[in-house]
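A short worksheet on the structure shown next.
The values are calculated or read from the model by the stated rules, or taken from the named source; none is laboratory data. What you see is a predicted model, and the numbers here were worked out from it, not measured in a lab. Ideal geometry is used to build each Cβ from the backbone, glycine not excepted, and the neighbour counts take in all protein chains shown. Side chains included, ligands, DNA and RNA excluded: accessible areas come from the protein's heavy atoms. Shrake-Rupley method; radii C 1.70, N 1.55, O 1.52, S 1.80 Å.
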Amino acid sequence: MLSIDDLLEITEEIKVSTQKFMKEDLNFGEYVHEGKDDTKSIDLFAEKALDKALERRGLSAKIISEEFGERVIGDDPEFLLVFDPVDGTTNAVRGISFYSTSLAYSDKIDDVRVNDLSMGIVASFLDHTYHAVKGKGAFIDGKKLNYKNYGDKILISVHAYELPPFSREDLEKRIILRTLGSIALELCLVATGGLDIVLDTRNKLCVYDIAAGQLVLRESGGYLIGLDGKDINDLVTAEGLSIIASSDKEFINNYRDECK
Ligand code: IPD
Ligand code: CA
């Protein structure tokens, strides 16, 4: 078993070593011939940084991650990690300061679902670290995370092939649209109130994209549902997800009613 402090220390190691790598190797945005077809050098470095952090500590774990898929480190896995080494690689490569590393933990190793994840950390490479422990709340830079209602226009991050039919009046008076590019961080921003809604309708997300961020959001009192209005609780290996995230109970309940 790992403690949240162990997990925070491991995440910090991944973050710091990857930042150093980006400074030293200016080709960090190049494609590499390892991992997936679209794996870039920075993704590979961060992916391997987790293995090194576990090996240094003599830990054995099952890992489900973006670049290397499913694998086991060591001989006798004691826990499971769901890992997106870099969430927002395009931002990182293009010099947009909004990307993160995302690590979630479960004591259970087989047939693990999102709701089995008991700890999650989303660390911005250039800003805050968010973490959550199931039943114990969500935290930002180690302090209790407090949701703030800005009481302003509705700020929505939309990832879609076709934009939802917002009227011109909505866009002028009520809604501001963004597409920020690191879904893990965006879920944490819904937790703080920085974003009001995250909407991804592309059936493209994988659980490793949202594993840690959803725990931060839910532990802060927010919601993560699918387009069918149901709580997201897929197997951690699942792909092809669409999501709606919000901290507004009324909005979520209204949406759920419309789905009936
Ligand atoms: C991407 C980010 C982005 C989302 C993409 C993801 P990646 O993650 O989460 O916000 O729109 O669909 O692929 O590829 O940088 O880990
Ligand atoms: Ca990634």
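Applying the criterion of being within 21 Å of Leu26 (Cβ to Cβ) and touching a residue at least 60 places away in the same chain (Cβ under 8 Å) to the residues of region 67-88, the residue that is farthest from ligand 2 (Cβ to nearest atom) is Gly88.
Answer yes or no: is there a residue in region 88-111 that is touching an Asp or Glu at 6+ places or on another chain (Cβ under 6 Å) and more than 16 Å from ligand 1 (Cβ to nearest atom). So far as region 88-111 goes, yes, one or more of its residues are touching an Asp or Glu at 6+ places or on another chain (Cβ under 6 Å) and more than 16 Å from ligand 1 (Cβ to nearest atom).
Contact annotation: residue pairs with Cβ atoms under 8 Å, 6 or more positions apart or on different chains, pairing a residue in region 151-162 that is among the aromatic types (Phe, Trp, Tyr) with a partner that is in a strand (DSSP E or B) and open to solvent by 20 Å² or more (accessible area, probe 1.4 Å), are Tyr161/Thr201; Tyr161/Arg202. Within region 220-238, if we keep just the residues that are buried (at least 22 other Cβ atoms within 10 Å of the Cβ) and in contact (Cβ under 8 Å) with a residue 60 or more places away in the chain, the residue that is farthest from Pro165 (Cα to Cα) turns out to be Val236. Here the condition is being within 16 Å of ligand 1 (Cβ to nearest atom), open to solvent by 10 Å² or more (accessible area, probe 1.4 Å) and modelled with pLDDT under 95; of Lys36, Lys15, it holds for Lys36 alone. Of the residues making up region 163-181, those that are under 23 Å from the mean Cα position of the chain (by Cα) and either in a helix (DSSP H, G or I) or in contact (Cβ under 8 Å) with a residue 40 or more places away in the chain (or both) are Leu180, Gly181. When each of Ala138, Ala184 is tested for being among the small types (Gly, Ala, Ser) and either open to solvent by 90 Å² or more (accessible area, probe 1.4 Å) or in a strand (DSSP E or B) (or both), the lone residue that passes is Ala138.
Pairing residues of region 239-259 that are in a helix (DSSP H, G or I) with residues that are surrounded by fewer than 17 Cβ atoms within 10 Å (Cβ to Cβ) and of a type in the set (D, E, K, R), at Cβ distances under 8 Å and at least 6 apart in sequence or on separate chains, gives Cys259/Asp228.
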